[in-house]
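Please treat every number below as a calculation from the coordinates, not as lab data. Just so we're clear, the structure is a prediction, and the values are computed from it rather than from any experiment. Neighbour counts run over all protein chains shown; Cβ positions are idealised from the backbone, glycine included.
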Amino acid sequence: MSSTYTIGIDFGTDSVRAVVVNTANGSTAGAAVSYYKRWKEGKYCDASISQFRQHPKDYLESLEEAVKGALAGLSTEERLQVKGISIDTTGSTVVAVNEEGIPLSLLPEFEENPHAMFILWKDHTANKEAEEVNAAAAKSAIDYTKYVGGIYSSEWFWAKILKTYRTDAGVRAAAYSWMEHCDWISAVLTGETKPLEIKRSRCAAGHKAMWNEEFDGLPSEEFLTSIDPLLGGLRERLFQDTATSDQVMGTISAEWAETLGLATGVVIGVGAFDCHMGAVGAEISPYAFVRVMGTSTCDILIAPNEEMKDTLVKGICGQVDGSVVPGYLGMEAGQSAYGDYYAWFQKLIVGPVRSLLGEEAAAQLEDKILPYLSEEAFKLPVSENDVVATDWINGRRTPDANHTLKAGFIGMNLSTDAVKMFKAIVEATSFGSKAIVDRFISQGVPIKEVIAIGGVAKKSPFVMQNLSDVLNVPIKVATSDQACALGAAMFAAVAAGIHPDVKTAQEKMGSGFDKEYYPRPEYVEVYQKLYSKYQKLGNFIETNA
Ligand SMILES: Nc1ncnc2c1ncn2[C@@H]1O[C@H](COP(=O)(O)OP(=O)(O)O)[C@@H](O)[C@H]1O
Ligand SMILES: O=C(CO)[C@@H](O)[C@@H](O)COP(=O)(O)O
């Protein structure tokens, strides 16, 4: 019998990655990456006001490029054995669409309007609106925030919609409905994008839009208009039900089948967020804590629903039945900047070089600077008098979302150089991780093991060793370079009926682990002291800055 294949597609912050996977044994038949062109040029973004927008054309062009690249090495016969495609994306990354489900920025009149584009997860322009959602929730008879950690975040659906409605009356008038990136792009491949026709991801709806079966779907019209009457009428143009990612969104449209060189009849699965599919790719099992370590971190944990019945974990990004593995409660937490904090420091150093010495010198430095800083920082001794920083350079996602918080440093003197600053930044990201782990444990959710995936987990032994020292637990790193896309390929195999459930797909297609970091006992005590300084600095910033 010939092999069958599925394609997993992972839309990250900067690029999309596609992998073609053999469904029998998980081997990779092809893989490719495509970077978003407009995003790379810095278009439609303004970091000074935390505005980060992505054009749907970037997604469409990169989708085609990455999938074609991943399929390039397959024969025609092998291509015809591709049976399913599933997609994960970042989120909450939302866009206003018309009645046909076309993002407004794909229409000529809104083509260059950032408010008509996808509002990326890390866009924090809606801080005020998030506060208003929280104020309305505090007054409401039903606490709609109870399954999203008790605090609504500016990274999420309703806050972003309200901010857009207040900012741009033209977009407001033209917006029939709104979609998450993972729903829209999956729908695009089927050729049916009408907002009321398509299936909506349980993962996206539950973690970001306060959808829950207990509320009969989305928050009530009364609640939404109590935040602002501008939200009136939208609820009925969104969705009532949601679907888990083992389900089928549809089959590939004739147009996309031809463009990609695939057979008609390829199943398109229901989409989800990157970290949720990544956790499946990393072979998550109950109470394993999977950290997706890239631009940001997303931490995912699953538990049997019956064991978590009365537990509400405060200050995380939600707990949703079936958001990761159908039949289990999926919990999410994370940090808004992880690799992005390192990237910020890289830019800080490379920026003046670019201005003074030109692009060539800057590009050389850019390639070398993070590995150099990591190598040198690894050699430094650790003392309780070292520089301490917070990890809130893009606000705090968890525990207890607050995107108005900023990063801060203490303990510098004239001997503080770039390497020492970098060490403090890496330690800050580890301390932020510890705060999350401690929160889960203190709220009654045990963690049986820690697994890491994502660019940072694969590229930086320094960061990973530091994290293990600070958390004082071993950390396993998954073998796959593309665990999120692999997880998507596993979901595609379930949606296409090749494997009966996620667990079987994990057993057949999982790639295992290739590295494990162990805490070094001699660092545990000093990191406890530095962590306590981190907490004090954090308290100071939170109450004074
Ligand atoms: N050598 C390195 N050490 C630490 N971080 C790195 C290194 N190289 C790249 N990174 C970080 O990895 C992040 C990208 O992670 P990746 O998982 O590839 O992408 P995404 O978050 O878009 O899914 C960037 O924020 C970058 O700063
Ligand atoms: O926040 C979520 C999901 O809830 C992520 O999509 C977001 O952190 C982006 O992930 P990356 O850092 O680009 O891997």
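Numbers for the structure displayed
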read-out	value
Backbone HN-Hα couplings from phi across the range 320-331 [Karplus 6.51/-1.76/1.60, Hz, Gly and Pro as x]	9, 4, x, 6, 10, 10, x, x, 10, 7, x, 10
For Val450, residues with placed amide H under 5 Å, excluding near neighbours	Phe289, Lys476
Given charges at beta-carbon only (K, R positive; D, E negative), |dipole| of the chain in Debye	960
Per-residue HN-Hα couplings for the range 478-486 [Karplus 6.51, -1.76, 1.60; θ = phi - 60°; Hz; x = Gly/Pro]	5, 5, 5, 6, 10, 5, 5, 5, 5
Long-range HN-HN contacts of Ile393 with modeled amide H, under 5 Å	Ala407
Dipole of the range 5-272 [Lys/Arg +1, Asp/Glu -1 at C-beta], most positive-end residue of Ser220, Gly30, Val248	Gly30
Highest to lowest packing among 473-480, 523-530, scored as the average C-beta count within 10 Å	473-480, 523-530
Cα gyration tensor category, rounded, prolate or oblate, for the range 150-223 with a/c compared to 1.5	oblate
All aspartates and glutamates inside 12 Å of Lys406 as judged from Cα atoms, apart from same-chain residues fewer than 8 positions distant	Asp391, Glu542
Gain on full stretching of the segment that runs from Lys529 to Lys43 - 0.36 nm per residue minus C-alpha separation	170.7 nm
Summed residue charge, Cβ within 11 Å of Ser140's Cβ, Lys/Arg positive, Asp/Glu negative	0
By average C-beta atoms within 10 angstrom, highest first, the peptides 356-364, 171-179	171-179, 356-364
Anchor Lys476: lysines whose Cα lies under 17 Å away (excluding residues fewer than 8 positions away in-chain)	Lys434, Lys448, Lys458, Lys459, Lys515
Under Karplus coefficients 6.51, -1.76 and 1.60, residue-wise ³J(HN,Hα) of the range 217-225 in Hz, glycine/proline x	x, 6, x, 5, 4, 4, 5, 5, 6
Summed side-chain charge close to Asn402 - residues other than Asn402 whose Cβ falls under 11 Å, Lys, Arg +1, Asp, Glu -1	0
Ordering of 154-166, 229-241 by burial proxy (mean other Cβ atoms within 10 Å per residue, highest first)	154-166, 229-241
For the chain, Cys with no neighbouring Cys Cβ under 4.7 Å	Cys45, Cys182, Cys203, Cys317, Cys484
Distant-in-sequence amide H partners of Ala29 (H built 1.01 Å from N, under 5 Å)	Val20, Val21, Asn22
Separation in nanometres of the label points that stand 7 Å from Cα toward Cβ, at Lys379 and Asn305	5.6
Net charge of neighbours whose Cβ lies under 14 Å from the Cβ of Ile475, counting Lys and Arg as +1 and Asp and Glu as -1	+2
